[in-house]
Amino acid sequence: MSTAIQSGAAAVTNQQAAAAPQTPVIDLQGLSVRFGSREILKDLVCSLRGRAIGLLGPNGAGKSTLINTLLGFYKPSSGSARVLGHDIRTDTRRIRSLVGYMPENDAFISKMSAVSFVQMMAELSGLPTEAALERAHEALFCVGLAEARYRELGTYSLGMKQLAKLAQAIAHGPKLLILDEPTNGLDPSARQRMIRMIGDIRDSNRLQIVLCSHLLRDVEDTCEEVLILNQGRIAHYSNLEEERKANKRFLELELYGANGDFTEAVEKLGCECATTANRLKMILADGVEVRDIYRIAAERDVRIRRLNFRRDTLEDIFLKAMES
Amino acid sequence: MAVYRRSYTSYAGPLTPAWSRSLVLFRYSRKKLFRSKLQTALFVLCFFYPLLCLILIYLAHNLSFLERLEANQSISIDNRFFFFFINVQGVLAFVLTAFTGPGLISPDIANGALPLYFCRPFSRAEYVLGKASVLVILLSQITWMPGLVLFAVQSSLAGAHWTWDHLWIAGSLVLSSLIWIAILSLLAMALSAWVKWRIVAGALLLAVLFFGAGFAEAINAVMRTQSGHFINLVFLMKTIWTYLFRIDTGQSMTSAEAWTALLVYCGICLALLVRKVRAYEVVK
């Protein structure tokens, strides 16, 4: 048996890739993809290193094309790209051994039970038969299809088929999970379940995720970094984690009994303010804390009815990117 | 590891060698194939004629029985016997292919499963090889393998002299079967890749052979030529088989022409497969 089985070289490389934070998950260097006369992706340059990366964009922006190019399905017309440090032109096979892919459309093998399907896919990724069977059961338990794992895939509902696709993507223990519109066609509760599951997988810290979606909520709920594509170009790059931290300096107050004194006092602390009716928006200056605002309000007998950390939502970021 | 574990775990165990991945596809496809009772019954049926041939070979060497029948001249085990054997088994191979072939690739394409195969360290060539191996091994089991068994039985009964004189028949059995298997496999897979519905793909396979033959004859009759035979797959195969079994049937086509035509057929089928068997179609 030992002669028929290679050493787990790929697995070792996986660990190395994950252990080295300096290696970007995706590194695009002027990547362009052309189908005939149409240029689908245009000179993309970026380096993504997050644990969960969101690919956002309107329909036809080039998200799926980018994923398919990274997987080696399409050849780049110019430029280059690296996935986990491997060149997509020369190391396609290696990249595919490190990646788990959940395609956007229906993808299954009819007249096959879910467990056989996932086992076969794991075997095609290089797992020995026994290990593949064990991993198939585990993956199906993990995605919540344990009870239905012996049923034929053709009898599954749309939500179950999505979960089966997720199971086949994680069964072989990839280092990078690429999810193309994972919540497509799911009802709200199934969508919630899927997002929670993706979050759990991300939090396991054993793999990195690239989530491609046109649903802002999905990306906002799961991703740390967002790359927004529009018409084949990078419209915006945003590190959501950093933005969330930065946005803690943005405050929105609803006041009762306020007059110009209060705003002046706050501005004297170095904060930028904008007043609308009984609302006050401000950016806290360095060294100023929320309790200072409360103190000033108490001194001037101003009641603060509501205080929000007003941050740009992903929707704001997305809309700005589309406008620009 | 426990199968009830609900959280994601990575895999750091051993991996199988890259060359063995096609065998995975072969194993699963074959298992799926024999789940059909009709398929299994048809496969078993394909062994009836080899069994009959085996009995005939035995009878041909059983002098007392032949004397009783006074038919010692009627059963002759020679190149014509094996040529007839390969003709019968060739027809059965075609019928088996018509049932089996269309189900190989078309379900994968209809259900969009190709990206799932090709997002793994598994190439398109390995996919085609894995699927083709199902047909190649299945058809081998009913053509040249029983043919060689018959040859071996005849050799053991007829003696070394006969074996030495007729050794070329063994080569012809294998070669003629492999050509037919290659043509059938490529044709079935190409049609299976282009036609999503399994039944339609099966019907098309029948049409290529029967309508092809009819169309070829029509061309020959209308244009008063013999070039219509180039699109008649059965005629091409028969030309090559008669050449391989050294039987003179006065064919109007030379074996070189038939070989060339078959190679063109194979090339077209391969081009069709290359065009269709890919993760996603590129719309230019």
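Rg and Dmax of the protein assembly as shown, Cα atoms, in Å?
Answer for the protein assembly as shown, Rg first and Dmax second: 33.6, 130 Å.
Counting each DSSP H run of 4 or more residues in chain B as -39500 (n - 2.57), what helix-only mean residue ellipticity at 222 nm follows after dividing by all residues, to the nearest 500 deg cm²/dmol?
-23500 deg cm²/dmol, from helical runs alone.
Amide H to amide H under 5 Å from residue A:208: which residues, 5+ apart in sequence or cross-chain, H placed 1.01 Å off N in plane?
When sequence neighbours closer than 5 places are left aside, the close amide H contacts are A:176, A:177.
Shielding of A:145-154 by partners, i.e. mean partner chain Cβ atoms within 10 Å per residue?
Average per residue, whole number: 1.
If you build a Gaussian network model of chain B, linking Cα atoms that sit under 10 Å apart, which residue out of B:14, B:102, B:50 swings the most?
Evaluated over chain B, the most mobile residue of the options is B:14.
Using alpha carbons only, how many angstrom separate the centre of segment A:85-144 from the centre of segment B:162-212?
33 Å
Based only on other Cβ atoms within 10 Å, what is the fewest-to-most ordering of B:194, B:19?
In order of increasing Cβ crowding within 10 Å: B:19, B:194.
Report the full-extension gain for the segment residue B:157 to residue B:91: residue separation times 0.36 nm, less the Cα-Cα distance, to one decimal in nm.
Full extension from residue B:157 to residue B:91 adds 20.9 nm.
Enumerate the amide H contacts of residue A:78 below 5 Å, restricted to partners 5 or more residues apart or on another chain; note that Pro and chain-start residues carry no placed amide H.
Amide H to amide H, under 5 Å and 5 or more residues apart or across chains, residue A:78 pairs with A:32.
Of all the C-alpha pairs in segment A:224-285, what % are more than 18 Å from each other?
52 percent
Using Cβ counts within 10 Å as a stand-in for footprinting exposure, how do A:181, A:225 rank, fewest first?
Starting with the residue having the fewest Cβ neighbours, the order is A:181, A:225.
Give me the distance between the Cα centres of segment A:255-276 and segment A:181-219, rounded to whole Å.
42 Å
Using only Cα atoms and rounding to the nearest 10 degrees, what angle (0 to 90) does helix B:198-223 make with the longest principal axis of chain B?
Taking the Cα atoms of chain B, the angle to B:198-223 is about 50 degrees.
By how many degrees, between 0 and 90 and to the nearest 10, does the Cα long axis of helix B:124-142 differ from the longest principal axis of chain B?
The two axes meet at around 30 degrees.
If you look for lysine pairs in segment A:2-231 that are eight or more places apart or on different chains, how many of them have Cα atoms under 18 Å apart?
6
Debye sum, Cα scatterers, chain B, no solvent: what log₁₀ I/I(0) at q = 0.07 1/Å?
So the normalised log intensities are -0.34.
Would you mind ranking B:119, B:269 so that the residue whose beta carbon has the fewest other beta carbons within 10 Å leads the list?
Exposure proxy ranking, most exposed first: B:269, B:119.
Could you work out how far helix B:167-194 tilts from the main Cα principal axis of chain B, as a 0 to 90 degree angle to the nearest 10?
So the inclination is approximately 40 degrees.
Using the Kirkwood formula over every pair of different C-alpha atoms, what hydrodynamic radius in Å results for segment B:37-155?
Final number for the Kirkwood radius of segment B:37-155 is 16.9 Å.
Of A:51, A:93, A:233, which is the most mobile in a GNM of chain A whose springs link Cα atoms less than 10 angstrom apart?
Residue with maximal mean-square fluctuation among A:51, A:93, A:233: A:93.
Who wins for biggest fluctuation among A:45, A:290, A:226 in a Gaussian network model of chain A, springs between alpha carbons below 10 Å?
Taking springs between Cα atoms under 10 Å, the residue moving most is A:290.
Name the shape class, rounded, prolate or oblate, that the alpha-carbon gyration tensor gives for segment A:2-231, where a ≥ b ≥ c are the square roots of its eigenvalues, rounded holds for a/c under 1.5, and otherwise prolate holds if a/b is larger than b/c and oblate otherwise.
Since a/c reaches 1.5 but b/c is at least a/b, the shape of segment A:2-231 is classed as oblate.
Each reported figure results from applying straightforward, stated rules to the coordinates on display, with no laboratory input. Predicted model only: the values in this text are computed from it and were never measured. Note: ideal-geometry Cβ built from the backbone for every residue, glycine included; neighbour counts use all protein chains shown.
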